[in-house]
Amino acid sequence: MAAREGEVARRAPRWEDRTMDGGNGGKTWWVYMLSCRGGKIYTGTAIDPEARYEAHRAGKGAAYTRANPPVALLRSVPFGNRSEACRAEAALKKLSRESKVAWAGDV
């Protein structure tokens with residue numbers, strides 16, 4: 001379809017030229033699980049789980065991790081976009097503690 005006079009022609013995005021990224025700006029979202037003081041578990045999402053872990057350790061993360069400081073990053077898993085990562089996080093938060101520990105150890 002040709003562009004009309006005065007209009008800018010739009011080109012369909014292509015994977016090969018990296019212009020198609022699923023609407024997430026080319027960022028990979030991660031679900032991560034932390035082991036916190038007192039044996040507690042925290043689950044979250046982030047673009048950079050290692051940096052987020054360090055933020056939690058520095059007291060700049062969630063209120064939960066300020067009260068229960070993290071001691072280890074147990075596992076992080078990549079997802080194609082934020083929506084998928086948030087759905088996975090919500091599903092993990094519904095699991096029992098035993099199931100969460102099994103997920104974290106299933107590397």
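Laboratory data are not the source of any read-out in this text; all were calculated from the coordinates shown. Quantities reported herein were computed from a predicted structural model and do not represent experimental measurements. Don't worry about glycine lacking a Cβ; one is built from the backbone with ideal geometry, like all the others, and counts go over all protein chains shown.
Summary of computed values
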item	result
Sequence of Y32, Y42, Y64 once ranked by neighbouring C-beta atoms within 10 Å, starting from the fewest	Y64, Y42, Y32
Sequence of R75, R57, R37 once ranked by neighbouring C-beta atoms within 10 Å, starting from the fewest	R37, R57, R75
